[in-house]
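First comes the structure, then the notes that go with it.
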Amino acid sequence: MGAIDAFVRTFSLMMEAKRLYIPALIFALLLAPVAAYLLPGEPSFEITPNQTTSGDVIMEQYGGDVGEEFLDYLAQLGKAFAVLTAISVVLGSIVQYAITKGVLLHESGEEYGIGELLVDGLKHLPGVVVIELIFMAVSLSLAAVALLPAVLGALFLPWGAVLILIGVLLLLAVLAITTSLTAIAIPLYADKGRIGAAFEAFGMVFGNVLSSLAFGVLLWVGVIAITMVTGPLGFAAEVLLPAGIAGYVSQFLQAPFNALLMEFLCVGGVAFYREIQKMEELKKVDEELMELGIEI
């Protein structure tokens, strides 16, 4: 029930604190032209014939440059993603903290301004980046461990297929739990003002494994739902418009939905954080009552 309550509360908070969509939209609109400029267009892979002569016979060979063109495209794409990721981490961390802090202030009934939140986000940028990097490393490590049964199963096929299935299911479970883990790390930091507070997320999440698993899956559902709207819009712009402007129009069309996705994840993290807090308090009350010999 905790996961469902937090998921429902996420949408309630998004409707109540509509202003917090503004920082996310600013971030998405700033990133849109940068992404359109940096990301290379789709390669044409034109196949040109190379003519060679053998006696009186002219021979044509096709596809000689396709591999090189594809490798060049991948290299450009890699460089673009590296630069785009760096910019996204910096700007995104500021906005993530601003939205998270705004939701916490909204819940406590305190007044806040968007400008003040963004300035506060800038001040806490290093802390957010450090926390995100650490939690990303932890998530990747846990995912690698979860994949071990699948790797072993691949070495001992066909009976290893059972191990592969176990590995895949374990990986999905770990990814769902780590999704919840990373979701509440920044709310803990924003609420308590200490980087060390973010690591309390481990105890909270692994102390409520089933709720964390369920909430992680629900977050995926929300992300997939928003992406299902965003993807076709961007694809339609890329296909219908001239190459020169298609990338820019596509990115700007997707920006409002990318902003909505960012707000959803930030607000969802706060909602689940508060829900786990309630669950922890109820556990303490139950333990105190048990010590007094009172059963409920």
Estimated vicinal HN-Hα couplings, Hz - segment 96-104 in sequence order (Karplus 6.51, -1.76, 1.60; Gly, Pro = x) | 4, 5, 4, 5, 4, 4, x, 5, 4
Hey, got the dipole for the chain? About the Cα centre, +1 on K and R Cβ, -1 on D and E Cβ, debye to the nearest 20?
-> 440 debye
Rounded to whole Hz and in sequence order, give me ³J(HN,Hα) for segment 218-229 from the Karplus expression 6.51 cos²θ - 1.76 cosθ + 1.60, θ = phi - 60°, writing x for Gly and Pro.
-> 5, 4, 4, 4, x, 5, 5, 4, 5, 5, 5, 8
Compute the accessible area per residue over the chain, keeping the other protein chains in place, probe 1.4 Å, unit Å².
-> 56 Å²
Expected vector for segment 77-91, Karplus 3J(HN,Hα) from phi with 6.51, -1.76, 1.60 and θ = phi - 60°, integer Hz, x for Gly and Pro, equals 5, x, 5, 4, 5, 5, 5, 5, 5, 4, 5, 5, 5, 5, 5
For K18, list the lysines whose Cα falls under 20 Å from its own Cα; do not include residues on the same chain fewer than 8 positions away.
-> K101
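Select from segment 147-229 those chymotrypsin sites (Phe, Trp or Tyr not before Pro) which occupy a DSSP coil region and have at most 10 other Cβ atoms within 10 Å, ordered by residue number.
On the way: sites: F156, W159, Y189, F199, F202, F206, F215, W220; in loops: F156, W159.
Here the sparse-neighbourhood loop sites are W159.
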Checked against the structure, the computed Cα extents along the principal axes in Å among [x] 69, 52, 28; [y] 73, 38, 34; [z] 103, 57, 31 is the one labelled [z]
Which lysines does K278 reach when only Cα atoms under 18 Å apart count, and residues fewer than 8 places away in its own chain are ignored?
-> K192
For I245, the accessible surface traced by a 1.4 Å probe with all protein chains present amounts, in square angstrom to the nearest 10, to 90 Å²
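Could you quote the convex hull projected area for segment 74-204, Cα atoms only and averaged over all directions, in nm²?
Numbers: hull surface 42.5 nm².
The directionally averaged projection comes out at 10.6 nm².
For D120, D191, D72, what's the largest-to-smallest order of accessible area, 1.4 Å probe? Walk me through the numbers before you get to the answer.
Details: D120 40, D191 60, D72 90 Å².
If we order D120, D191, D72 from most to least accessible, we get D72, D191, D120.
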For segment 159-288, the spread of Cα positions along each principal axis, largest first, Å | 68, 51, 23
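The values are calculated or read from the model by the stated rules, or taken from the named source; none is laboratory data. Treat the numbers as computed from the prediction; the structure is a model and nothing was measured. For neighbour counting, all protein chains shown are included, and Cβ atoms are generated from backbone atoms with ideal geometry for every residue, glycine included. The protein model used for the area step is the full one, side chains on, heavy atoms only, and it has no ligands, DNA or RNA in it. Shrake-Rupley method; radii C 1.70, N 1.55, O 1.52, S 1.80 Å.
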